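Presented below is the structure to which this report refers.
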Amino acid sequence: MNNIAAKLRARRAEARTRRALNRAIDNAATATVHQELIAIAQTRPRRGQGSRVI
């Protein structure tokens, strides 16, 4: 049961971070800051795309 709760908390935290980053991109003061934030967003690993050994 704890594992499920931890996964839900992690998922919510990730969504919160994603929303905050999107908000920062939308409210960026300059085009340069806007582009830098987009670059940061693109380099962040997405959930489920970790390095797996098959």
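Values quoted throughout were computed directly from the atomic coordinates according to the rules given, and no laboratory measurement underlies them. As the structure is a computational prediction, the values presented were derived from the model and not from experiment. Cβ sites come from the backbone with ideal geometry, for glycine too, and all protein chains shown count toward neighbours.
General remarks:
- With a cut-off of 13 Å between beta carbons, the residues surrounding I25 carry a summed charge of +2, where Lys and Arg count +1 and Asp and Glu -1.
- Spin-label model distance (nm) - A13 vs A31, 7 Å beyond Cα toward Cβ: 3.8 nm
- Put a dot 7 Å past the Cα of I4, heading toward its Cβ, do the same for R44, and the two dots end up 2.8 nm apart.
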